[in-house]
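S.K.: I am attaching a structure below and will ask some questions about it afterwards.
Taken together, the values in this text are just the output of simple stated rules run on the coordinates, not laboratory data. Everything quoted here is computed from the prediction, not taken from an experiment. Note: ideal-geometry Cβ built from the backbone for every residue, glycine included; neighbour counts use all protein chains shown.
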Amino acid sequence: MNTEKKYRNPLVTVDIIIEINAGIVLIERVNPPHGWALPGGFVDYGESLETSAVREAKEETSLDVTLREQFHSYSDPDRDPRHHTVTTVFIATADGIPKADDDAKNLGVFTENSLPSPIVFDHGKIIRDYFCYRKGELKKDIFET
C-alpha cells in the first residue's frame with residue numbers, strides 16, 4: 001500500500017475587470033457554478049498571465065482588451081468551490097460592443113449600483129475591492145493582511 005501523499009498545486013487563473021461605457025463587463029456562466037462572474041479562466045501551459053487575460057476576455061466577451069494594470073491576486077483556497085485556484089486580476093479597457101461567447105450565455109455592463117445576482121466565486125469581493133479602488137482608496141488599505 002502506497003502511503004505517500006500526492007502533491008497537488010493550486011490552479012492558476014486570471015480574471016479581467018473590463019471597463020466600458022462607465023461600467024464593468026460581467027458574464028452569466030453557462031457551466032456550474034451558475035451565476036454572474038468576471039470574464040476569465042485558466043492559464044494555459046506556456047502562456048503568460050497577460051496573454052491569458054487578453055485571450056479569455058476575447059473568448060468570453062468578443063472584445064479586444066487593453067490591459068491597464070494588474071490589480072491584485074486572490075488566493076483564498078475556498079474562492080472556487082470546484083478546486084483550489086489562485087487568480088490574478090487585471091483592469092482593462094475595450095472599445096466596441098461586448099457579445100457573449102464561449103462559456104458565457106449572457107453578459108452585461110454593470111455599475112456598482114446595478115450589479116446582477118448571484119455573483120459566483122469570490123468575484124463579489126473582487127468587484128467591491130475594485131470599486132473602493134476606483135473611489136480613491138489605496139491598495140495598501142484595501143488589501144491589508
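S.K.: Once you have the Kirkwood Rh of the chain from its Cα pairs, apply Stokes-Einstein at 4 °C and 1.567 mPa s and quote D in µm²/s.
M.R.: In µm²/s, the coefficient rounds to 82.
S.K.: Okay, moving on. Need the full-extension length gain, ASP101 to ARG8, defined as separation in residues times 0.36 nm minus the C-alpha distance. One decimal, nm.
M.R.: Net length gain for the segment: 30.3 nm.
S.K.: Give or take rounding to whole Å, what are the principal axis extents of the alpha carbon atoms in segment 40-80, in descending order?
M.R.: On the principal axes, segment 40-80 reaches 30, 22, 20 Å in Cα extent.
S.K.: Once amide H atoms are built 1.01 Å from N in the peptide plane, which residues 5 or more positions from SER73, or in another chain, come under 5 Å H to H?
M.R.: VAL89
S.K.: Another question, then. Compute the relative contact order of the chain as a whole-number percentage, counting only Cα pairs closer than 8 Å that sit 6 or more residues apart in sequence.
M.R.: The value is 29 percent.
S.K.: Here's another thing I want to ask about it. Report relative contact order for segment 59-145 in percent, whole number only (criteria: Cα-Cα under 8 Å, sequence separation at least 6).
M.R.: 27
S.K.: Still on this structure, please answer the following. Helix-only estimate, please: 222 nm mean residue ellipticity of the chain, summing -39500 (n - 2.57) across DSSP H runs of length 4 or more and dividing by its residues, to the nearest 500.
M.R.: -6000 deg cm²/dmol
S.K.: What percentages make up the Cα-Cα pair-distance distribution of segment 71-112 when the bins are 10 Å wide from 0?
M.R.: Reading the bins upward from 0: 21, 34, 41, 4.
S.K.: Still on this structure, please answer the following. Which is the longest stretch in the chain that no exposed loop site breaks, taking sites as chymotrypsin sites (Phe, Trp or Tyr not before Pro) with a DSSP loop state and at most 10 other Cβ atoms within 10 Å? Before the final figure, lay out each step's value.
M.R.: Values: sites that count: TYR7, TYR45.
For chymotrypsin sites (Phe, Trp or Tyr not before Pro) (loop position, at most 10 other Cβ atoms within 10 Å), the longest site-free span of the chain is 46-145.
S.K.: How many nm is it between the label spots at PHE42 and SER114, if each spot is 7 Å from the Cα in line with the beta carbon?
M.R.: Going from the PHE42 label point to the SER114 one covers 3.5 nm.
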